[in-house]
Amino acid sequence: MSTPPPGYGYPQQPPPYGQLPYPPPPVPKRRWWQHPAVVITALVIFPPGGIALAWLTQWSRAKKIIATVLASLWFIAPFLGDPPKDQKDDAKAKVTATATAAPSTSASPSPSGPPSYVGQNLRKAKAAAHSAGFNAISHDASDDNTGQWDDDNWKVCFQTSATEQVGSLPTLDFGVVRNEWPCPAKDGEPIPYPKMPKVVGRTFEQASTTLKPLALQEIKADSAYTDVTLPATVDDWTVCFQDPEAGKAIEYPKTTTAYLKVTAPGTACPKSEFTELHPDPTPPSIDEESDGSSSSSSGGSDGGGNVGNVHPGAFCDTPGSTGVSKRGTLYTCKGPGQNRWRP
């Protein structure tokens, strides 16, 4: 008969305070690769290996799932970005962008100052400057000191910034001359007025073409011989005398008329002005001269009327008086200029 275990048949006594009723199970020994620092490092550096180590540790199931999710996201994150661009495509894009940007840069350069109004009418230049945000004043660009009473009659030759500002806006100072005058070489120097060219010896048509750039008031033809009447067209007639003479400065072309005395083709020019082409071959007799003198004296005392025989082109005293040449041609004492006997 076997011996019963201790306490058999007797009430079992509780264990002493602080002691377990049965011995605790043995705790498994942790390996080095199960250390949290090693596992976390593996999850960061090599997520697949770190996930495997996490599930071999003594972590709770919730911690293992969280570690697995975070490591997986960390592992696949680089593959979710944009695909790398081809270097050739990138280079082409840069070239295209540069070519596109270059014209826009050269087409609209940044302004370095106010616009230039040189060559414009003074009134229009002032209006344009005011629209651009500038006040404008003007001064005579020549060596004179003429005021600009009517801006429409002047043009801008020089443009500078005014030394004194007018109002709140920046001020431009225009150096100007009259529209018909050329600009001086420098602000304040004399105006290089155009000179009357020499047109003697040319045809009237050639002379007119030469004088056209001067913008004269008129180019008028007159006969070089006092007893020759001009036809309607004298383009092929030769210029024998000119007024103004060659080399004279033309300051006011709008009020200047060029008088060109011409002769027909094949006809030589006279040696002097106011010459007849067909003078009377017989000189007047003494009686005719005395009659002419008495008549002239009589006409002069009357202040007009017929003075008898006169010499074409000679000076006379009484404007409006008339006389007859040796050939019987009627002449009148008149201008332009000093009074002469003219047909």
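The values are calculated or read from the model by the stated rules, or taken from the named source; none is laboratory data. Every value quoted in this text rests on a predicted model; they were computed, and no experiment measured them. Glycine also receives a Cβ, built like all others from the backbone with ideal geometry; neighbour counts cover every protein chain displayed. Accessible surface areas use protein heavy atoms only, side chains included; no ligands, DNA or RNA. Shrake-Rupley method; radii C 1.70, N 1.55, O 1.52, S 1.80 Å.
Consider region 310-334. How many of its residues are on the phi < 0 side of the Ramachandran plot and not in a strand (DSSP E or B)? Walk me through it before giving the result.
Step one: list which residues in region 310-334 are on the phi < 0 side of the Ramachandran plot, which gives 310-312, 314-319, 321-327, 329-334.
Next cut, not in a strand (DSSP E or B) only: 310-312, 314, 316-319, 321, 325-327, 329.
Going through region 310-334 one residue at a time, the tally reaches 13.
Those residues that are assigned to a loop (DSSP other than H, G, I, E, B) and either in contact with a His (Cβ under 8 Å, 6 or more places away or on another chain) or open to solvent by less than 90 Å² (accessible area, probe 1.4 Å) (or both), I need them from region 237-259; list them, please.
237, 244, 246, 247, 250, 251, 256
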(message) Conditions first: (1) touching a strand residue (DSSP E or B) at 6+ places or on another chain (Cβ under 8 Å); (2) at negative phi. Residue 189 passes all but one, so which condition is the exception?
(response) (1)
(message) Residue under question is residue 200, and the condition is that it be touching a residue at least 24 places away in the same chain (Cβ under 8 Å), open to solvent by less than 40 Å² (accessible area, probe 1.4 Å) and either over 30 Å from residue 128 (Cα atoms) or outside any loop (DSSP other than H, G, I, E, B) (or both); does it hold?
(response) no
(request) Assess whether residue 234 counts as being open to solvent by less than 40 Å² (accessible area, probe 1.4 Å), within 30 Å of residue 326 (Cα to Cα) and among the β-branched types (Val, Ile, Thr). (result) yes
(message) Pairs needed: first member in region 147-173, more than 12 Å from residue 123 (Cβ to Cβ); second member anywhere, assigned to a strand (DSSP E or B) and charged (D, E, K, R); C-beta distance under 9 Å; at least 6 residues apart or different chains.
(response) 147/140; 158/173; 159/173; 160/173; 161/173; 162/173; 163/173
